[in-house]
1. Could you grab me the full set of residues in segment 222-278 that are among the basic types (Lys, Arg), under 19 Å from Asn206 (Cα atoms) and free of Cβ contacts under 8 Å to residues at least 24 places away in the same chain?
2. Can you confirm whether segment 278-296 contains a residue that is surrounded by 18 or more Cβ atoms within 10 Å (Cβ to Cβ), part of a helix (DSSP H, G or I) and of a type outside the set (Gly, Ala, Ser)?
3. Return only the number of the condition from (1) closer than 30 Å to Asn166 by Cα; (2) acidic (Asp, Glu); (3) assigned to a helix (DSSP H, G or I) that Asp299 does not satisfy.
4. Would you confirm, using the coordinates I've provided, whether Phe261 is closer than 30 Å to Lys308 by Cβ, hydrophobic (A, V, I, L, M, F, W, C) and outside the structural domain of Gly165 (by TED's automatic domain parsing)?
5. If Gln220 meets every condition in (1) in contact with a helix residue (DSSP H, G or I) (Cβ under 8 Å, 6 or more places away or on another chain); (2) surrounded by 13 or more Cβ atoms within 10 Å (Cβ to Cβ); (3) over 30 Å from Pro284 (Cβ atoms) apart from one, which number is that one?
6. Is it fair to say Glu208 is outside the structural domain of Gly160 (by TED's automatic domain parsing) and either closer than 24 Å to Arg267 by Cβ or in a helix (DSSP H, G or I) (or both)?
7. List every residue pair whose Cβ atoms sit under 7 Å apart, with the two residues 6 or more apart in sequence or on different chains, where the first one lies in segment 290-310 and is over 19 Å from Lys269 (Cβ atoms) and the second, anywhere, is surrounded by 13 or more Cβ atoms within 10 Å (Cβ to Cβ).
8. Against the conditions (1) within 26 Å of Ser122 (Cβ to Cβ); (2) more than 45 Å from the chain's Cα centre (by Cα); (3) among the aromatic types (Phe, Trp, Tyr), where does Trp195 fall short? Just the number, please.
Amino acid sequence: MSENIAQNIQPDKSYFVQKLIAGSSLTYLFLLLGVFLTNKSIFVSKQVVDQGHLLTINTEEDTSSKVTLPASPVVSGTEGKFTVKTSINKGDSQNPKENQLLPNELILSEAIIVLNSVSASSFSKAIIKASEISQSDPLYPEAKNQIESWSFTILDIASGRALKGNYDSAIAAAKLVPRNVRSIYQEAQLAIAEWELQVAKQKKANEEFNEELLKFAQEQVKVGQASSYIKAINEARKIRSGEPKYEEAQKLITQWSNTIFSIAKVRAKNKNLSEAILAGELVPYGTPAYESSQKALADWKRQKQTKKRK
């Protein structure tokens with residue numbers, strides 16, 4: 001009986017092994033099919049070329065875009081992670097006006113950089129720079145707004161100077177407002193006309209004041225008294241360069257300085273060295289008589305020392 005049982009088990013065992021092999025093969029095929037379907041885009045849409053050539057990938061989402069990668073990618077970062085430097089070429093679809101945007105942005109930036117100080121001349125230079133942007137440029141509206149703003153600032157600076165009575169400086173600033181900003185330019189011209197009237201009034205008032213000042217200086221002079229001439233000179237020196245009567249004041253200062261030196265020489269000639277030295281020391285520095293008086297003073301002081309020794 002045991003021999004019959006053993007003979008029946010052998011065919012069953014062989015059949016089971018065959019079933020097991022067939023099942024395993026079918027499972028393996030299903031796994032391969034799954035891997036293929038999962039990575040179908042890799043097997044279908046990739047074209048590999050020899051090293052030294054390019055690897056080209058055409059994407060289905062955007063057929064107009066072509067991404068070009070080097071055959072040997074540049075690897076960076078930690079192991080298992082890498083970055084590939086790519087360059088994307090989209091043909092000539094970019095707008096030509098967009099190509100001009102960057103350099104004109106630089107022009108506007110350079111104009112702003114010029115504003116290194118709050119002065120009318122700085123804003124004027126910025127306006128000149130921004131004016132390089134043409135009307136057809138996309139940045140023109142922004143540049144125009146900036147130019148108008150800077151022009152108003154120039155006029156504001158000029159007005160501030162005028163409030164302080166610096167009309168000449170105010171006029172010089174207002175003249176920097178450009179003509180093409182019409183509303184502000186016209187306002188600047190009206191202000192200039194008003195300030196020029198103020199300058200004329202101021203000049204006339206200064207002329208009258210300086211004329212009175214010279215009269216007062218002349219009244220200080222006493223013939224033969226050196227100290228009186230120096231008082232007159234000090235009054236005349238109150239008239240500054242560029243003011244009315246300035247040239248006349250300078251002529252009187254030269255004349256009175258020569259007179260002081262003449263008084264000193266007369267005293268020295270009369271052997272009155274002490275009084276000659278006192279008068280000679282009053283000759284003002286910067287006048288034509290000054291150098292001659294210094295040489296004479298040195299000689300008179302030497303004579304005085306020699307006289308004392310005797």
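The values are calculated or read from the model by the stated rules, or taken from the named source; none is laboratory data. Every value quoted in this text rests on a predicted model; they were computed, and no experiment measured them. Methodologically, a virtual Cβ is constructed for each residue, glycine included, from the backbone with ideal geometry; neighbour enumeration extends over all protein chains shown.
1. If we filter segment 222-278 for residues that are among the basic types (Lys, Arg), which is where we start, we get 222, 231, 237-238, 240, 245, 251, 265, 267, 269, 271.
In the following step, the residues that additionally are under 19 Å from Asn206 (Cα atoms) were identified as 237-238, 240, 245, 251.
Listed by number, the residues that qualify are Arg237, Arg240, Lys251.
2. no
3. Unmet for Asp299, out of (1) closer than 30 Å to Asn166 by Cα; (2) acidic (Asp, Glu); (3) assigned to a helix (DSSP H, G or I): (1).
4. On the way: closer than 30 Å to Lys308 by Cβ: yes; hydrophobic (A, V, I, L, M, F, W, C): yes; outside the structural domain of Gly165 (by TED's automatic domain parsing): yes.
When the stated conditions are applied, Phe261 passes them.
5. That leaves (3) as the condition not met.
6. On the way: outside the structural domain of Gly160 (by TED's automatic domain parsing): yes; either closer than 24 Å to Arg267 by Cβ or in a helix (DSSP H, G or I) (or both): yes.
Yes; evaluated as a whole, the condition is true for this residue.
7. Matching pairs, first to second residue: Tyr290/Val283; Tyr290/Pro284.
8. Status for Trp195: all satisfied but (2).
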